[in-house]
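The values are calculated or read from the model by the stated rules, or taken from the named source; none is laboratory data. All figures in this text were calculated on a predicted structure; none of them were measured in a lab. Note: ideal-geometry Cβ built from the backbone for every residue, glycine included; neighbour counts use all protein chains shown.
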Amino acid sequence: MKKMKAAVLYEPNTPLRVEEVTIDDPQEGEVMVRIVATGICHSDLMPLKGQVPGPLPLVPGHEGAGVVEKVGRGVTGLKAGDHVVLPVIFNCGRCRYCVEGQPALCSEVLPAHLMGTLPGGGRRLHRGGQDLHLFYSQGSFAEYVVVSERTAVKVPREAPLDVMCLLSCRATTGVGSVVNRAGLRAGESIVIYGCGGVGLSAVMGARLAGAGKIIAVDLLDGRLDLARELGADFVINASREDPKQRALEITGGGADYAIESIGNVAVMAQAFGSIHSAGTCVLVGAAPMADVLSLFPFEFLLGKTMKGSLLGNVRTMLDVPRYIDLYLQGRLPLEKLTAEYFTLDRVNEAIAAVDRGEVIRAVIRFD
Ligand SMILES: [Zn+2]
Ligand SMILES: [Zn+2]
């Protein structure tokens, strides 16, 4: 058991309170990690705005990276001192989804995420006799987390944790949405809506996969410049041009794939409209849970496909080490995503900056 500081949400639309809480020792199959850095992903803002149901009080944060402090009984793959990133998808290896090769849909994940607990329902975080919940079973806006060993992927020492933390969610989501979910092959075209951390990672993923035309769409020129630097062949500022029309022109009738990384239902419809009749649109942005998407069903009759992707359909223990290798080879230059660093005490300020779209990679550092 340990006392530490964490940022706690007690009620939607109120600031997080940074306060002292208690964390239990890791139990069987769990590890305690001292957080070195955590990204702030747009999804962290959803409970803050009351856009997702779930029990409170809650510690947000799901892009943690850090150093293993202690391991629980039965943990053999990690030891104290190991550097780790913490992708929020853990696989049981036994459910139908795991067995049929879709581990990102593991039936243990969603209930734990919705209930704000560890897989299996464990709660290790408390304050004054009250249990605190964990966003996406992690809660990394805190000095320490206890998580399932199945979410902790070892990182070589030479990879900086304040960059690697992106692999816990956004970078993995972006790359995986192109490589795993869209299944893009060399020469195929893709239009990527939204150039935040997920969208820009999708641009990098598309380049890695050998895309023909990569088209990036955003409202901010600064982000589009970065998209170009990272591999986009065409950029569209949607505040000045109709992105769907322009994408149809560039591709001569529609892209092979579209990715929506924002979580905006109007943009999802634009993305679906940007593909050709045999194309595939992948939704990765998390829209508020009550939002409804409307589309022309005729487009499905033509043969278009629309599908969603949770964390880029990541196979955590297979894909994340690959992405780390690509980063170390300089082929997945995540450090180019413009960063701004905050301390935990400034978490509300950091969240406001993310909400205004001012910063691509807001990171809380704990050193
Ligand atoms: Zn996220
Ligand atoms: Zn499973």
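Some points to look at:
- Residues (surrounded by 13 or more Cβ atoms within 10 Å (Cβ to Cβ) and away from ligand 1 (no atom under 16 Å from the Cβ)) located in the range 92-106: C92, C95, Y97, C98, Q102, P103, L105, C106
- Test: residue in the range 246-257 that is assigned by TED's automatic domain parsing to the domain that holds L200, over 14 Å from S189 (Cβ atoms) and either in contact with a strand residue (DSSP E or B) (Cβ under 8 Å, 6 or more places away or on another chain) or surrounded by fewer than 24 Cβ atoms within 10 Å (Cβ to Cβ) (or both): no
- Of all residues assigned to the range 139-147, at least one qualifies as being surrounded by fewer than 22 Cβ atoms within 10 Å (Cβ to Cβ) and closer than 30 Å to G120 by Cβ.
- Flag for A152 being out of contact with any Ser or Thr (no Cβ under 7 Å at 6 or more places or on another chain), among the hydrophobic types (A, V, I, L, M, F, W, C) and modelled with pLDDT of 95 or more: yes
- Some residue of the range 166-174 being away from ligand 2 (no atom under 16 Å from the Cβ), farther than 23 Å from I275 by Cβ and out of contact with any helix residue (DSSP H, G or I) (no Cβ under 9 Å at 6 or more places or on another chain): no
- If the condition is being within 16 Å of ligand 1 (Cβ to nearest atom) and exposed (fewer than 13 other Cβ atoms within 10 Å of the Cβ), then the range 289-331 contributes only M289.
- Candidates in the range 118-136 are the residues that are within 16 Å of ligand 2 (Cβ to nearest atom) and free of Cβ contacts under 8 Å to residues at least 24 places away in the same chain; of these, the one that is surrounded by the most Cβ atoms within 10 Å (Cβ to Cβ) is G120.
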